[in-house]
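The values are calculated or read from the model by the stated rules, or taken from the named source; none is laboratory data. Here the structure is a predicted model, which means the values were calculated and not measured. Backbone-built Cβ (ideal geometry, glycine too); neighbour counts: all protein chains shown.
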Amino acid sequence: MKLVPRDRLEQHVRRLVGASPVVALLGPRQSGKTTLARKVLSGRAGELFDCEDMRDAQRLAEPFTALERCRGLVVIDEVQRQPALFPVLRVLADRRPLRARFLLLGSASFDLVRQSSETLAGRVRFIELGGFALDEVGAASWRRLFVRGGFPRSYLARSDADSLGWREDFVRTFIERDLTALDVEVRSRPQLRRLWTMLAHRHGQLWNGAELAGALGESYPTVRRHLDILTGALVVRQLPPWLENAEKRVVRSPKVFVRDPGLVHALLGLGTYREIESHPKLGASFEGFVLEEIVRRVGERFVHFWATHGGAELDILVTRGAARLGFEVKWGDAPRVTRSMHVALQDLGLQGLYVVYPGATRYRLHERIEALPVAELGDVLG
């Protein structure tokens, strides 16, 4: 299978590995963690352990004995399967001189993040890894990335049908296998699958747990717990509202998105661009696609949405120090300025507002508002 260079991400991992004794690379299965780690390890002293390999798992049964002798960069794949490693890693990370650095690969879970944060406090840095990003596949390929999503095997499949089949299998095995490996408590796996599908149909909408609980015949705490499981496993995103302006009654519930656009389309049963283009969730799916590209660039803690009960709203607000940028996402050939955009400019003190659309030409709509092709997002975000 053809490899897609992930230079920016690889450089980021190398930079953190050089600065911290332990780096944790977290992401869903098949998002490319092992391939990336092998590239970082290539050409330097080190060793790779795979906790799903019975031989490596047996070696790590005595973790201090196995790791104490290691030098250079030590990669430990599927680390969530060996929780006993974390106290040992704390001891090894504190050795002076530092004889080895550790790159941990794992499918994200609350317990993994909590345990590593508590045991390795001050010693570990986290990186979330999704599928391919726009700058990795090239701006000219954005439609393929939008349709198939960024999971390498889905994006690089020989046909749209093969890609959709892979994503449908991923959803099935995620529910049946991956959650078991993450050791999370799921009351009903079929109900979790139904919730995930319902979230795809409500992609980009405000969280309404009571409505979903009623539709599923479950209690609100169970539905909320299942949402948090999907969020912690990095397949769903809860986008928080911006709550700074106390003078207006603002929306306080998060918006919920399925993170990978290919999974959105698989859960909706859509396999081709033609099918997606005629579906009522087209605009919401495109908004989620743009959101993920922005989050990759600036980090999730700097990204919010904004909405008031009076009807004014902004799809995406990016805060970078004192600077604030707004992004409206519109599927159409000729986006127009709306009243909400003017309200957002004034109330939020935006330096600029970009209307991201699927066209090819960047042009000014207003003194501080530009129409921005999705392929040029990187030029704005840096």
Any residue in region 118-131 that is touching a Pro at 6+ places or on another chain (Cβ under 7 Å) and of a type in the set (Ser, Thr, Tyr)? yes
Of (1) more than 21 Å from the chain's Cα centre (by Cα); (2) closer than 29 Å to Val258 by Cβ; (3) hydrophobic (A, V, I, L, M, F, W, C), Leu67 satisfies every one except (2)
Identify all residues within region 313-336 that are closer than 15 Å to Leu350 by Cβ, among the basic types (Lys, Arg) and surrounded by fewer than 16 Cβ atoms within 10 Å (Cβ to Cβ); write none if there are none. Arg320
Quick one: is Arg301 surrounded by fewer than 21 Cβ atoms within 10 Å (Cβ to Cβ), out of contact with any helix residue (DSSP H, G or I) (no Cβ under 8 Å at 6 or more places or on another chain) and not aliphatic (A, V, I, L, M)? yes
Unmet requirement for Leu104, which otherwise passes all of (1) crowded, with 22+ Cβ neighbours inside 10 Å; (2) not in a strand (DSSP E or B): (2)
If the requirement is being exposed (fewer than 15 other Cβ atoms within 10 Å of the Cβ) and in a loop (DSSP other than H, G, I, E, B), which of these qualifies: Gly310, Gly271, Gly359? Gly310
What number of residues within region 92-105 satisfy the criterion of being free of Cβ contacts under 8 Å to residues at least 12 places away in the same chain and among the charged types (D, E, K, R)? 2
Yes or no: region 221-232 includes at least one residue that is loosely packed, with under 13 Cβ neighbours inside 10 Å and in the same structural domain as Leu263 (by TED's automatic domain parsing). yes
Name the single residue that is farthest from Pro280 (Cα to Cα) among those in region 325-352 being touching a helix residue (DSSP H, G or I) at 6+ places or on another chain (Cβ under 6 Å) and assigned to a strand (DSSP E or B). Gly326
Starting from region 5-25, keep only residues that are within 11 Å of Val124 (Cβ to Cβ) and outside the structural domain of Leu103 (by TED's automatic domain parsing), then list their pairs with residues that are at pLDDT below 95 and part of a loop (DSSP other than H, G, I, E, B) whose Cβ atoms are within a distance under 9 Å, requiring at least 6 positions of separation or different chains. none
So, of the residues in region 241-268 that are surrounded by fewer than 23 Cβ atoms within 10 Å (Cβ to Cβ) and of a type in the set (Asp, Glu), which turns out to be farthest from Arg324 (Cα to Cα)? Glu247
Across region 44-91, the tally of residues that are free of Cβ contacts under 8 Å to residues at least 40 places away in the same chain, of a type in the set (Lys, Arg) and either outside any loop (DSSP other than H, G, I, E, B) or outside the structural domain of Gly122 (by TED's automatic domain parsing) (or both) stands at 3
Suppose we filter Gly288, Gly271 for residues that are in contact with an Asp or Glu (Cβ under 6 Å, 6 or more places away or on another chain), within 17 Å of Leu145 (Cα to Cα) and in the same structural domain as Trp196 (by TED's automatic domain parsing); which single one remains? Gly271
Please work out if Ala200 is at pLDDT 95 or above, of a type in the set (A, V, I, L, M, F, W, C) and in contact with a Gly (Cβ under 7 Å, 6 or more places away or on another chain). no
Can you tell me which of (1) closer than 26 Å to Leu129 by Cα; (2) buried (at least 19 other Cβ atoms within 10 Å of the Cβ); (3) among the small types (Gly, Ala, Ser) is the one Gly283 doesn't meet? (2)
Here's a check for you: in region 345-356, which residue that is closer than 20 Å to Gly288 by Cα and out of contact with any His (no Cβ under 9 Å at 6 or more places or on another chain) is surrounded by the fewest Cβ atoms within 10 Å (Cβ to Cβ)? Val355
All but one of (1) modelled with pLDDT of 95 or more; (2) more than 16 Å from Gly271 (Cβ to Cβ) hold for Arg153, so report the exception by its number. (2)
Give the number of residues within region 148-165 that are buried (at least 22 other Cβ atoms within 10 Å of the Cβ) and in contact with a Ser or Thr (Cβ under 7 Å, 6 or more places away or on another chain). 4
